[in-house]
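Asks: Sending over a structure as structure tokens; questions will come in a sec.
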Amino acid sequence: MNILGINAYHGNASAALMQDGKLVAAVEEERFNRVKYAAGFPVAAIRYCLQEAGITLADVDHVAVPRNPWARLGTKLLYALRMPRFARERAKVLKQFVGIPEALAQAFDTDVKGLRAQFHRVEHHRAHLASTFFVSPFDQAALLSADGLGDFASTMWGSGEGSRMRIQGAVAFPHSLGMYYTAITQYLGFWKFGDEFKVMGLAAYGQPSHLEEFRRIVLTNGSLGFRLGLEYFAHHREGAEMSWREADRTPVLGRLFSSRLE
Ligand SMILES: [Fe+2]
């Protein structure tokens, strides 16, 4: 069985191919088009994965994308009313996700009716959890996924057993450890998409001299996980300006922190 995973229209566009339960290839589009963190549709990455597996697109049984437009629809709509510009941007991206079978067929110069693959939209954080647990050597594991934002959630946890995952909790937008890390990275003067790795590197040399201040920026929230001190952030008000779609340039992210943080 051939399963193709595609990360498209988002930073680090990429593809991965599983063949009879084994990972055969996984690669980011930036390796081929030489654009750091390239977004867009990862045609070259998909082509490479198929080549490595020695198959064609017609041999793919399942295609999975890590995004489900229907997940947390209520929350999405609520924020769409408050942040129309942000909602328009996200809606464009979600529309592209719906059109992935057509985009795939078009990229490989074939008719969409000729594809026998079933297409699956997997909620973002379930995809993160599945991509680690199901290819791990463990039969049982605790699962945790934490990032910026995917399908309006930033964090999800649960347990895995055999071929099943049980989701036990999630933290939704605007509370996000990834966005918090990006906000602090921007405040320190690193504005380029992906610059968080520089702050991660620098962090090892620092001392926790501002720990008390930081405890007001990220707060624990009992069994609900954590929440952000939203007065220090801007992304929940207008929505962060994000541009992911173009394949030929690095994604751009607007300012996430408020003047209160300064
Ligand atoms: Fe993610």
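The values are calculated or read from the model by the stated rules, or taken from the named source; none is laboratory data. Being a predicted model, the structure only gives us computed values, none of them experimental. Using ideal geometry, Cβ is built from the backbone for each residue, glycine included, and neighbour counts are taken over all protein chains shown. Remember, those area values only see protein heavy atoms, side chains included, never the ligands or the DNA or RNA. Shrake-Rupley method; radii C 1.70, N 1.55, O 1.52, S 1.80 Å.
Asks: Segment 128-262: percent of C-alpha pairs farther apart than 26 Å? Could you put the intermediate results ahead of the total?
Replies: Numbers: 2982 of 9045 pairs.
So the pairs more than 26 Å apart make up 33 percent of the total in segment 128-262.
Asks: Using a Förster radius of 30 Å, what is the FRET efficiency between residue 259 and residue 77 based on their Cβ-Cβ separation? Nearest 0.05, please.
Replies: 0.55
Asks: While we're looking at this one, here's another question. Ignoring ligands, DNA and RNA, what percent of the 1.4 Å accessible area of segment 136-198 is carbon and sulfur?
Replies: Exposed carbon and sulfur together represent 56 percent of the surface.
Asks: Leaving out ligands and nucleic acids, note down the accessible area per residue over the chain with a 1.4 angstrom probe, in whole Å².
Replies: Here the residues of the chain average 54 Å² of exposed surface.
Asks: Taking the convex hull of the alpha carbon atoms in the chain, what volume per residue do you get, in Å³?
Replies: Details: hull volume 38.3 nm³, N = 262.
Residue-normalised Cα hull volume stands at 146 Å³.
Asks: Mind ordering 147-156, 187-196 by average Cβ neighbours within 10 Å, highest first?
Replies: The packing order, highest mean first, is 147-156, 187-196.
Asks: Where does the charge balance sit around residue 220 when Lys and Arg score +1, Asp and Glu -1, over other residues with C-beta under 15 Å from its C-beta?
Replies: +2
Asks: For a Förster distance of 51 Å, can you work out the FRET efficiency between the beta-carbons of residue 98 and residue 212, rounded to the nearest 0.05? Could you put the intermediate results ahead of the total?
Replies: Working: r = 47 Å, r/R0 = 0.91.
For residue 98 and residue 212, the calculated efficiency is 0.65.
Asks: Could you work out how far helix 124-133 tilts from the main Cα principal axis of the chain, as a 0 to 90 degree angle to the nearest 10?
Replies: Compared with the principal axis, the helix lies near 70 degrees.
Asks: Could you give the C-alpha radius of gyration of segment 1-114 expressed as a fraction of 2.2 N^0.38 Å, taking N as the number of residues it contains? Could you put the intermediate results ahead of the total?
Replies: On the way: Rg = 15.5 Å, N = 114, 2.2 N^0.38 = 13.3 Å.
Cα-based Rg divided by the globular estimate yields 1.16.
Asks: With all protein chains present, calculate the accessible area of residue 139 using a 1.4 Å probe and round the result to the nearest 10 Å².
Replies: Estimated to the nearest 10 Å², residue 139 gives 100 Å².
Asks: Count of lysine pairs in the chain with Cα atoms under 24 Å apart, counting only pairs 8 or more residues apart in sequence or on different chains? Could the numbers behind the result be given before it?
Replies: Values: 36/92; 36/192; 36/198; 76/92; 76/95; 92/192; 95/113.
Final tally of qualifying lysine pairs is 7.
Asks: From a point 7 Å beyond the Cα of residue 132 in the direction of its Cβ, which residues of segment 174-193 have a backbone N at a distance under 19 Å?
Replies: 176-182
Asks: Which loop trypsin sites (Lys or Arg not before Pro) in segment 1-98, with loop taken from DSSP, have no more than 15 other Cβ atoms within 10 angstrom of their Cβ?
Replies: Numbers: sites: 22, 31, 34, 36, 47, 67, 72, 76, 82, 85, 88, 90, 92, 95; in loops: 34, 36, 67, 72.
Passing both the DSSP loop test and the Cβ count: 34, 36.
Asks: In nm, to one decimal, how far is the residue 52 label point from the residue 219 one, both placed 7 Å along Cα→Cβ?
Replies: Using points 7 Å along Cα→Cβ, the separation is 4.5 nm.
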